[in-house]
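Visitor: Pasting a structure below so you can have a look.
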Amino acid sequence: MRRKKSLDNEIDLVAFISLLSVCICFLLLTAVWIQIGSMNVKQAVGGQAEEGKKNPALWTLVQSDGSLSLRLEDAPKKVSRKFARMRVEAIDGKPNFEQLRTQVAELKKVLPALTTALIQPKKATAYEDIIGMMDLFKQEGLSDLGVAPL
């Protein structure tokens, strides 16, 4: 007759508990960095309730060649006519951020109530170009930023 195996086995949990304590320490240390690397961005189109008076907004359309077309919406007619066709040329397939900074600063002088900038990228637009535009707009005092869906 065969002997039955004993079902009383001891499991060494020391290694398992050590691994869990290391994982918990790592989790606690990295949880601090979650808020540091975030940027508050609102939804660009839709989702917000209609209001009686609309604030002016600067739309930045990224073209396939990397150039930018800027247009104002909900701005006074006098300002809209003056800044009707703003364009920023591309340098090696990337937007010219210095030219964009100059045009946004000039626009901000004429229209100090401008606080909204919306970026409408193309499918092939580089992520760092979008982030670069957002940084530039923040530096120029446009605090309400958004990225329009493709």
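Only the coordinates and a few stated rules stand behind these numbers; no lab work does. Fair warning: this is a prediction, and the values are worked out from it, not measured in the lab. With ideal geometry, Cβ positions are generated from the backbone for all residues, glycine too; neighbour counts draw on all protein chains shown.
Visitor: How do 130, 11 rank when sorted from fewest to most other Cβ atoms within 10 Å of their own Cβ?
Guide: On the way: 130 16, 11 5.
By the 10 Å Cβ count, ascending: 11, 130.
Visitor: What lysines sit close enough to residue 109 to cross-link, taking a C-alpha to C-alpha distance under 30 Å and skipping anything fewer than 8 places away on the same chain?
Guide: 42, 53, 54, 77, 78, 82, 94, 122, 138
Visitor: Right, next: Which net charge results when you count Lys and Arg as +1 and Asp and Glu as -1 among the other residues whose beta-carbon is under 11 Å from that of residue 136? Can you show the working numbers first?
Guide: Details: positive: 101, 138; negative: 98, 129, 135, 140.
My count for the surroundings of residue 136 gives -2.
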